[in-house]
Each structure stands twice: as structure tokens, then as C-alpha cells.
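Structure, as C-alpha cells:
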Amino acid sequence: MSDSSDLLFPEAGRDQSALRLVSKEHVSDGVVALTLVHPSGRRLPDWAPGAHIDLVLPAGVTRQYSLCGDRWDPFTYRVAVLREPNGRGGSAYVHDMLMAGDTVGIGGPRNNFQMVPAPKYLFVAGGIGITPLLPMIAQAESMGIEWTLLYGGRTRSSMAFLDELEPYGDRVVVAPQDEVGLLNLSSWFSDAATTDSKAYVCGPGSLLDATESCCSGWPVGYLRTERFVPRVQAAPARTEPFEVELARSATVFTVTSEGSVLDAVRGAGVNVLSSCREGTCGTCATTVLAGEVDHRDSILDDDERAAGDAMFICVSRACSDRLVLDL
Ligand code: FES
């Protein structure tokens, strides 16, 4: 998880922080790639594969998009946006209204999908989920590390960046659903996986769920997924109110069963940055000093949850009577 101090524009929603859109290019049916630069030509903050930025759209709507350009180009960010016909209007705005020359508010970059060292990487992308994997592939390639990619999509014409993947030859398996059906994950993993390979998977929730069940016997931390749509959660671990103590502010208050920890913290006069408010972007990460967390985010993996030292306070709650936070 990144700390907010390294953010270019830490508070998503502030419109004085913006990048200029220098190009908008159709890269497949329903997907546009946006190239963004600083209006004064300044260098942009460094990022690593797996990072995303927020686009701050009109009416304070923020959406997270993976950086999918060249991480060694310090002046340019690239993201790709899928038009989502049943979305809440963010992608439609980008597709229909945003034009080259416009400025757009930015939050981030942040990285909840960090690439950890491995002797072999297995990448699986579904549709627009290819975006965070492109810089990972470039990094693996530049370091001479073995990798392979299984890339699915509805149709070949809907699959972005096939031209950029073509030079990699048979390390990329392109599997459009209308040609070969649903991805055969178990067969692909059993052919490609070695005991020390790590898998990075991004795509629709159904693909991530299927991958998690396929790799359920893997060691903790060997499968990493990224979700931009929240995972369906079980009921909260407790329905009673619980106390939150803010250690640095010497404040204690009660969080009711209806309210979020984030709102209660703000109600106590302590500002914590937030963006998605649904446990997917990572902005509200908060250090936990004591207490047992009911993790309800779609970011942490099992070992990070078990560590219990951080939580996303927009959605996560308490199992214990009291949580002590480093705020
Ligand atoms: S605001 Fe996005 S995870 Fe909490």
C-alpha cells in the first residue's frame, strides 16, 4: 500500500489539481486510451506496475484506472477506459465529452497491486483487466524473467492492446470468448504453473472468483488479484456498535451499525482522505494499533488481513469491542 504523501494530487475531488489530456485514441471496440501530461510540462511522480490513478470527473465523481503506459517515461501517464453502458456515467463522460486539450483532475498514483519478485509470472487478463498487466509484462521482460499471459475477452475486436502484445509471440494466449468459449483456467494453470510462480489476475469479478477457486490450494500470497468492482461481502461480523479510539488525537467515539468508521472519524474532526468509499481504491488506508478488524474491502489478500495492522475505514469494521487507530 502506498502512503498518501507520495500522491501527486492527494485529495481526489480538488479540481485545482489536473493533468492535460493530449490524446484520446480508440484502442478496441469500446475502449479509449488517454494520454495525460502536466499542463506546465512538469515531471510526474514515479509509479510502479500495478499502480492506478483517480480521474476526478464532473460532480466530484472519481474513477480509478490502472496506469498502462511506460513507467520510465516521467512526463506521461496513460490509462484506458472501457465504456460501461450500465455504469454510473463516468466512462460515458470520458468517451463522449472529454476531448484532447481538456484538463482532468487526478488523484494518486497509488498501488494496491504491487508486483513482488518471482522467478516466473503467470498473468491472466479479462477484457480491460489487461491494463495493469501491460507494465508488469514490460518489467518482467526487461528483467529477463519468465512469464506467460492468458488474455480473454468477449471478441477479438473488443480486446485492447493486442498489437502491443503481438511481438511477444506464443507467450501470449489470446482467447476471445466467441472463438474458444470461456477461459479454461484449470487447464492453463496446470500447464503453466510451477511451484514458485506467482499469478497476477485482473478482470471482471466472475473471472477473479473462478481464478481464486482454481488456485485455492496455492500458498498464501502466490495469487494476487485486483478488483475495481467491490467483492460481494458476507454480513458484518457484529451488528452491535463498537468503539474507536484515535490514539494520536486522544479521542474515543462509538460507531453505530449504520455508520462507517470513516464518517465517524470525520465526525470527530479528523480528516482522512477517501475516494471510492467502497473498499477498492486504497485511499483511506489506516494503521490499526489494537483490536480485531472485520475486513470488508476488496484489496487485501489473506496474509495482509491476518496481519491485522491496516484497514480501509470506508467499509471495514470491528469484530472486537474497540479498535485503536493510528490517527
Ligand atoms: S475510499 Fe477507497 S478504499 Fe476507502
Expressed in angstrom and ordered largest first, the alpha-carbon extents of the chain along the principal axes are 58, 50, 37
Going residue by residue through the range 142-159, the Karplus relation 6.51 cos²θ - 1.76 cosθ + 1.60 with θ = phi - 60° gives ³J(HN,Hα) values, rounded to whole Hz and with x marking Gly or Pro, of 5, 8, x, 8, 5, 8, 8, 10, 10, 10, x, x, 4, 9, 4, 6, 8, 9
Nearest-0.05 FRET efficiency for THR251 and SER206 at R0 = 45 Å, using Cβ-Cβ distance, is 0.60
Here the range 62-73 yields Karplus 3J(HN,Hα) values (6.51, -1.76, 1.60; θ = phi - 60°; whole Hz; Gly and Pro given as x) of 10, 9, 9, 9, 5, 6, 10, x, 8, 5, 8, 8
Taking 0.36 nm per residue of separation between SER320 and GLN177 and subtracting their Cα-Cα distance, the length gained on full extension comes to 46.9 nm
So the carbon and sulfur contribution to the accessible area of the chain, 1.4 Å probe, in percent, is 49 percent
Residue-normalised value, i.e. accessible area per residue, for the range 10-110 at 1.4 Å probe, in Å², stands at 45 Å²
The simple spin-label model distance between ASP191 and GLU146, using points 7 Å out along Cα→Cβ, in nm, is 1.5 nm
Mean 1/r over distinct Cα pairs of the range 10-110, inverted to a Kirkwood Rh in Å, yields 13.5 Å
Placing each pseudo-label 7 Å from Cα in the direction of the beta carbon, ARG156 and ARG43 end up separated by a distance in nanometres of 4.3 nm
Dipole check, the range 38-166, charges on Cβ (K,R +1; D,E -1), about Cα centroid: among VAL104, ALA80, ILE137 the Cα furthest to the positive pole belongs to VAL104
In nanometres, the difference between 0.36 nm per residue of separation and the alpha-carbon distance of GLU258 and ASP96 is 54.6 nm
Quick calc, GLU240 & ARG88: beta-carbon distance into FRET formula, R0 30 Å, rounding 0.05, result 0.35
At 37 °C in a medium of viscosity 0.692 mPa s, the range 133-196 has a Stokes-Einstein diffusion coefficient, with Rh taken as the Kirkwood radius over alpha carbon pairs, in µm² per second, of 256 µm²/s
A chain fully extended from VAL232 to SER213 at 0.36 nm per residue, minus the present Cα-Cα distance, gains in nm 5.3 nm
With the dipole of the chain defined by +1 on each Lys or Arg Cβ and -1 on each Asp or Glu Cβ, the option from ALA199, TYR121, SER23 whose Cα lies farthest towards the positive pole is SER23
Pseudo-spin-label distance LEU289 to ARG266, built 7 Å along Cα→Cβ, given in nm, is 2.4 nm
Sorted by chain and then number, the residues having a modelled amide H within less than 5 Å of the amide H of ALA51, at least 5 places away or on another chain, are LEU67
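The values are calculated or read from the model by the stated rules, or taken from the named source; none is laboratory data. Fair warning: this is a prediction, and the values are worked out from it, not measured in the lab. Using ideal geometry, Cβ is built from the backbone for each residue, glycine included, and neighbour counts are taken over all protein chains shown. Heavy atoms of the whole protein, side chains included, go into the accessibility calculation; ligands, DNA and RNA do not. Shrake-Rupley method; radii C 1.70, N 1.55, O 1.52, S 1.80 Å.
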